[in-house]
Structure formats: C-alpha cells, structure tokens
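Shown next, in structure tokens, is the structure this report addresses.
The values are calculated or read from the model by the stated rules, or taken from the named source; none is laboratory data. Note that the structure is a prediction, hence the values are computed from the model and not measured. Note that each Cβ is placed from the backbone with ideal geometry, even for glycine, and that neighbours are counted across all protein chains shown. Areas reflect the complete protein model, heavy atoms only, side chains present, ligands, DNA and RNA absent. Shrake-Rupley method; radii C 1.70, N 1.55, O 1.52, S 1.80 Å.
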Amino acid sequence: MNATSPAPEGSPASTPGRIVLLTTSHRVAPGLLSWPAWQALRDADRVLCADGAHPQLPYLREAGIRVDEASPTAEELVAACADGSTVVIVATGEGEPTLTDGLARLAGSGRVQMPDLELLPASYDLPGARLLDLVQVMDRIRAECPWSSQQTHKGLAKYGIEEAYELVEAIEEGDRDELREELGDVLLQVVFHARIAEEDPDTPFSIDDVAAGIVTKLIHRHPHVFGDETASTPEEVKAHWLRTKAEEKRRTSITEGIPMGQPGLALASKLASRVRTAGLEVPLPTGDDGIGYDLLALAVRAEAAGVDPEAALRAAGRAYRDAIKEKETGVGKGTGSVTEG
C-alpha cells in the first residue's frame, strides 16, 4: 500500500523509500531463506530486528548482513526511509503487530508520505510442518508435566484403544469436527509413545524412526507407484500389498499377525478374510457354545458379502440406543423422571 501527500510547490518529489517486513518460519532451519529474501537483505540500507536472540541472526551475520537490534515505532521507521532508504525488519515470531498497526494508521491518516510497504515471506511451511510443533510440545510436556513424565507404554495402552474407538465413532457418525479432533487424539498417542521410547536404555527410537519405518514400508508395498509394477484396480493393489507383505514377514501361517485380542466379530471377519484371500476351504467349527459359533458363522457370512460385521453391529446398536432414548422420553413425559424410585 502507498499513501502520499503532494510535495511542496516548486520542489522535486522525494523518493518514498521502502519498508520490507521479512517473515520466517521457525519450522524451517534458520538460514534457509528464499532468494528474494537474500536480495532484499543485501540491498537494504538498514536491517533491524527487535529480538537479539532471533534464530536467523547468526546466519545473517555469517553471510555478511549487518543487523541492528532495534524496535522502532512506525513514525521512526517512516522517518528513516524519508531519504529514499530501504529498511528491512526481520520479524519476530509474533509478526510485529504493533508496528504494522502503527504503519496502517499512518497510511490511513493521509498526512504522511508513506514509503512503499512490502511483506516478504522468507521461508514457508511445508505440508506437515505443524507436526514439528507437536513433537516440541510433547517433548516439553514429557519433561515438565508430573503426570506425563511418569507414563509408560503399558500405562498408555488403554488410551490408544479408547481413542481408536472414538475415531471410528466419529467416522460412522459423520461428524467432521469430531473427526478432526479424534484424529488429533490418535496422533497424540503415536507421538507420546515415540517420546517415551526415546528414553529406553537398550533399544531407544524416536518419532523420526517411526516415520522412517512407515515410509519405507509404504514405498515397498506400493511398487505400482514407486516401482515398475502396474496396478489399475483396487484388487491388483491389494494383491501387490499382500505379496510384498508376505515377503517381508515370511510367515508360516495366514493367521500370523492377526491380533487375537480384538473384538470377537472383527476377529472372526479377519480370519475369514485371510482364508478367502488364500483360497482355502476351511469348514466352520462347531461346539457346545452354540451362540459363539452362530456369531462366528454370521461374521463369516458378512465378510463374504463385503459387510464389516463390527460396523454393522454398531449401527444396529445405535439404532437400539435411539429407540431406548425415545422410550425413555415417553416414560419421562408420562411419569416424571425415569430415574425416580
């Protein structure tokens, strides 16, 4: 933006000068600045920064850029540019709101010849950059929080299960806000466990090791994306996945890797899926507990029909819950509180 007042009659128009507000991301390594940013810094008559401990300053000075520690007012900064000078402000993390508000007021007054004002992002956040903030926050919480500092993998295990179920519920309910929040809660569990793992005296690993592991796995199991294989249908993709997974695990049974502690219907469905994928003919067992084996048969039938039996039962459960609430409302209207004894 540029607001100017006319120069006095008979005098040459003065050069307005230039103010550049240079912003950087703390999620990008200091010194990694854009080429336009380096050009602005080198061409500036003065470079100012209000924070003497700004992480960029050592790298700027190493590159031969003189940076003065100063926090001028808007009026002082405009006056410094009155002779046509260019002043670069290396913004602090807050973005210099007091200074920018003051400059906006001066420009809006129409009484001051304003220099050219430019906002120049010197570094940008890449996708996933906020994950770095999460790692830093978790590191501080682990070090300073009396509860978090005492947690173990075993102690947190139940929360992982709870958060996973809450995520599934948000997906099935179709609540977008809840989905975003529950994804964050699940992500927290991953980062929390990884932070605890760093402290293991024998086999420590970090969140970077966790990420590196899954990246390697994804690349290896998607040869149609990262390699020379081809796949044009979801079925072909699944075949690639199963083949590469079998090569990695070198399992002797299709049942290996199936967590037996998962809910019963999900367990039965997973076993049936493995049997069907492997092309095996395995008769369903029978036993004295008729209900259990009947449920097994229902789960196998659902899997064959492409239905998730756990999801189907939860949907039926929600319908049952709604019916209960409706009945409770009717009872409450007729007799008062349903909890009254």
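Hey, does the stretch 120-128 have a residue that's on the phi > 0 side of the Ramachandran plot and of a type outside the set (S, T, N, Q)?
yes
How many residues are surrounded by 12 or more Cβ atoms within 10 Å (Cβ to Cβ), of a type in the set (Asp, Glu) and farther than 30 Å from GLY279 by Cβ when one looks only at the stretch 198-255?
2
Condition first: charged (D, E, K, R), open to solvent by 50 Å² or more (accessible area, probe 1.4 Å) and at pLDDT 90 or above. Now tell me which residues in the stretch 93-134 satisfy that. It would help to see each step written out before you state the result.
Quick first cut of the stretch 93-134, residues charged (D, E, K, R) only: 94, 96, 101, 105, 111, 116, 118, 125, 130, 133.
Among the residues that remain, those that are also open to solvent by 50 Å² or more (accessible area, probe 1.4 Å) are: 94, 101, 105, 111, 116, 118, 125, 130.
Within the stretch 93-134, ASP101, ARG105, ASP116, GLU118, ARG130 qualify.
Let me confirm something: among ARG18, ARG46, which residue is within 20 Å of ALA74 (Cα to Cα), in contact with a Gly (Cβ under 9 Å, 6 or more places away or on another chain), basic (Lys, Arg) and open to solvent by 40 Å² or more (accessible area, probe 1.4 Å)?
The conditions single out ARG18.
Restricting to the stretch 256-304, and then to whatever is crowded, with 17+ Cβ neighbours inside 10 Å and of a type in the set (Lys, Arg), can you tell me which residue is modelled with the highest pLDDT?
LYS270
Does VAL137 fit the bill of being within 16 Å of the chain's Cα centre (by Cα), modelled with pLDDT of 95 or more, open to solvent by less than 70 Å² (accessible area, probe 1.4 Å) and aliphatic (A, V, I, L, M)?
Spelling it out, it is not the case that VAL137 is within 16 Å of the chain's Cα centre (by Cα), modelled with pLDDT of 95 or more, open to solvent by less than 70 Å² (accessible area, probe 1.4 Å) and aliphatic (A, V, I, L, M).
Only one of (1) within 30 Å of GLN136 (Cα to Cα); (2) out of contact with any helix residue (DSSP H, G or I) (no Cβ under 6 Å at 6 or more places or on another chain); (3) not hydrophobic (A, V, I, L, M, F, W, C) is not met by GLY31, so which one is it?
Looking at each condition in turn, GLY31 falls short on (2).
If you scan the stretch 263-310, which residues turn out to be free of Cβ contacts under 8 Å to residues at least 40 places away in the same chain, in contact with an Asp or Glu (Cβ under 6 Å, 6 or more places away or on another chain) and of a type in the set (Ser, Thr, Tyr)?
Within the stretch 263-310, SER273 is the sole residue that qualifies.
So VAL331 ticks every box in (1) modelled with pLDDT of 90 or more; (2) farther than 17 Å from GLY264 by Cβ but one. Which box is left unticked?
Failing condition for VAL331: (1).
From the set of residues in the stretch 75-92 that are open to solvent by 10 Å² or more (accessible area, probe 1.4 Å) and assigned to a helix (DSSP H, G or I), which is farthest from ARG42 (Cα to Cα)?
Checking each candidate, the answer is GLU75.
Condition first: in contact with a helix residue (DSSP H, G or I) (Cβ under 8 Å, 6 or more places away or on another chain) and part of a helix (DSSP H, G or I). Now tell me which residues in the stretch 34-74 satisfy that.
LEU41, LEU60, ALA74
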